[in-house]
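What follows is one structure encoded as structure tokens, with my remarks underneath.
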Amino acid sequence: MPSALALRPAETPDASEAGRWSDEAVLAATTAIADGPLAAAAGAIDHGTYPLDILGQLGEAGALGVHLDRHGGRVGLSIAAMQAVSRACGATGFLMWCHDVCGLYMEQSGNPALTGTLLDDHAAGRSFGGTALSNPMKAFAGIEPILLRAQRVAGGYRVSGMLPWVSHIDPGQYCGAIAGVDANGGIGHEIMFLLRCDRAELRRCPEFSGMEGTSTWGLKLDDYFVGQGDIIADPARPLIGRIRGAFILLQCGMGLGVAEGSLDSMLAVEETLGHVNQFLDDRPAEIAAELAELRARVMRLAETPYESATDYLIDVLDARAQTSELALRAAQSALLHQGARGYMMSAAPQRRAREAHFVAIVTPAIKHLRWEMARLSREVLPAASAQGAVA
């Protein structure tokens, strides 16, 4: 099924990229990469190959930069590109998201040291960086304590602590990170900064069941100095509040793509096994209809990615949860439709089942999304009740 739906009219991109990174050119080039070299490498990536060469091609095609304001703020186009990539390889789709949000942090920082050549190179896939916000996002929601702690010193901060896993990092790369600033025995506020991996200790993670090509490491900092040139936000929470919708929406590209790839696997055996597969639940036509409806919903939300209204955020959280749930159902259905051939370790449905599980547990996981929706709904309902009583 075609990946492209109508996208919102883009703001005028940077003149140097206006023709090369048009909506049509980005989607065409991304789809060619996904269907060609990426599809051929998906199995190797699942087992540990870190596809920086393919990410570089995606960057050159514009797929890693079009969500940025300097390139038109086309968040919907970025989601569509991520869907096309995740349709072939969920791990690479996840790396795109890590890279995209790191660029978002840098641009939204307003820090000239982060918004010049470094961001240009990042957006074009000439340099690479990820995100270390899994723990702080859960900390902000009250799920777990923040793990990196900072102390104010002359010229900046000293940060220490350990994060158990951070993806899309490697020596020579970087990531966005958040630390709580010590104050009177507690945390006074948080800072967000660009963490340079060459000055951190990277520790190998245990082997995961899939997604091994995402270059995921444990990360340890010991009196790591953060100067003003690497500050993204101080304090961090206002920036996080501003980008939260875009941060979560961009992830939807992963789930939509894994679901679409699963649909491909179902359709691949329809001619030979359709006579018996007709007795299964979640048949191709049902999955296709749900996928199209959900994608259209995500694209509507992507028209205003920085909206901060509570009802909008609840819709974003719900759409993200729906993409996880659809990916899980589609991946399981694909395996059932293919039968024994889909149960082979090298089979695409087997890989996509593990990719779908990852989409469902990566921060914000389904349980985190539901936690946040419940919290936000509690904040909205009392006000609505009060208004009703007055009326």
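A few comments on the model shown:
- Among (1) over 30 Å from Ala302 (Cα atoms); (2) of a type in the set (Val, Ile, Thr); (3) surrounded by 17 or more Cβ atoms within 10 Å (Cβ to Cβ); (4) out of contact with any strand residue (DSSP E or B) (no Cβ under 6 Å at 6 or more places or on another chain) - the single one Val153 does not satisfy: (3)
- Every test in (1) part of a helix (DSSP H, G or I); (2) open to solvent by 10 Å² or more (accessible area, probe 1.4 Å); (3) of a type outside the set (Lys, Arg) is passed by Leu114 save one, and that test is (2).
- For segment 322-341, the candidate set comprises residues that are open to solvent by less than 30 Å² (accessible area, probe 1.4 Å) and of a type outside the set (Gly, Ala, Ser); within that set, the residue that is nearest to the chain's Cα centre (by Cα) is Thr323.
- Figure legend. Inter-residue proximity from segment 106-129: first residues of a type outside the set (Lys, Arg), second residues open to solvent by 40 Å² or more (accessible area, probe 1.4 Å), beta-carbon distance below 7 Å, spacing 6+ or different chains. Indicated pairs: Glu107/Asp69; Glu107/Arg70; Gln108/Arg242; Ala124/Glu60; Gly125/Glu60; Ser127/Asp121; Phe128/Leu52.
- Test: residue in segment 177-184 that is open to solvent by 10 Å² or more (accessible area, probe 1.4 Å) and outside any strand (DSSP E or B): yes
- Checked against (1) closer than 28 Å to Ala365 by Cβ; (2) free of Cβ contacts under 8 Å to residues at least 60 places away in the same chain; (3) among the aliphatic types (A, V, I, L, M), Met254 meets all criteria but (2).
- Residues that are within 25 Å of Leu38 (Cα to Cα) and not in a helix (DSSP H, G or I) within segment 261-291 comprise just one, Val269.
- Among the conditions (1) open to solvent by less than 70 Å² (accessible area, probe 1.4 Å); (2) closer than 24 Å to Ile243 by Cβ, Gly218 misses just one, which is (2).
- When residues in segment 279-311 are screened for being under 22 Å from Leu328 (Cβ atoms) and either open to solvent by 30 Å² or more (accessible area, probe 1.4 Å) or not β-branched (Val, Ile, Thr) (or both), 20 of them pass.
- Leu163 being surrounded by 14 or more Cβ atoms within 10 Å (Cβ to Cβ) and free of Cβ contacts under 8 Å to residues at least 24 places away in the same chain: no
- Only residues that are modelled with pLDDT under 90 and open to solvent by 60 Å² or more (accessible area, probe 1.4 Å) were counted in segment 342-377, giving 4.
- In summary, Pro235 fulfils each of the numbered conditions (1) open to solvent by 10 Å² or more (accessible area, probe 1.4 Å); (2) at pLDDT below 95 with the single exception of condition (2).
- Residues in segment 190-208 that are open to solvent by 90 Å² or more (accessible area, probe 1.4 Å), in contact (Cβ under 8 Å) with a residue 12 or more places away in the chain and within 25 Å of Met254 (Cα to Cα): Arg204 alone.
- Residue in segment 167-176 that is closer than 17 Å to Arg237 by Cβ, modelled with pLDDT of 95 or more and either touching a Gly at 6+ places or on another chain (Cβ under 8 Å) or not in a loop (DSSP other than H, G, I, E, B) (or both) present: yes
- Selection within segment 18-51: residues that are surrounded by fewer than 17 Cβ atoms within 10 Å (Cβ to Cβ) and among the hydrophobic types (A, V, I, L, M, F, W, C). The member of this set that is nearest to His168 (Cα to Cα) is Ala44.
- Residues of segment 66-81 satisfying the condition of being touching a residue at least 60 places away in the same chain (Cβ under 8 Å) and either under 17 Å from the mean Cα position of the chain (by Cα) or in a helix (DSSP H, G or I) (or both): His67, Gly73, Arg74, Val75, Gly76, Leu77, Ser78, Ile79, Ala80, Ala81
The values are calculated or read from the model by the stated rules, or taken from the named source; none is laboratory data. Note that the structure is a prediction, hence the values are computed from the model and not measured. Neighbour counts run over all protein chains shown; Cβ positions are idealised from the backbone, glycine included. Surface areas here come from the heavy atoms of the whole protein model, side chains and all, with no ligands, DNA or RNA. Shrake-Rupley method; radii C 1.70, N 1.55, O 1.52, S 1.80 Å.
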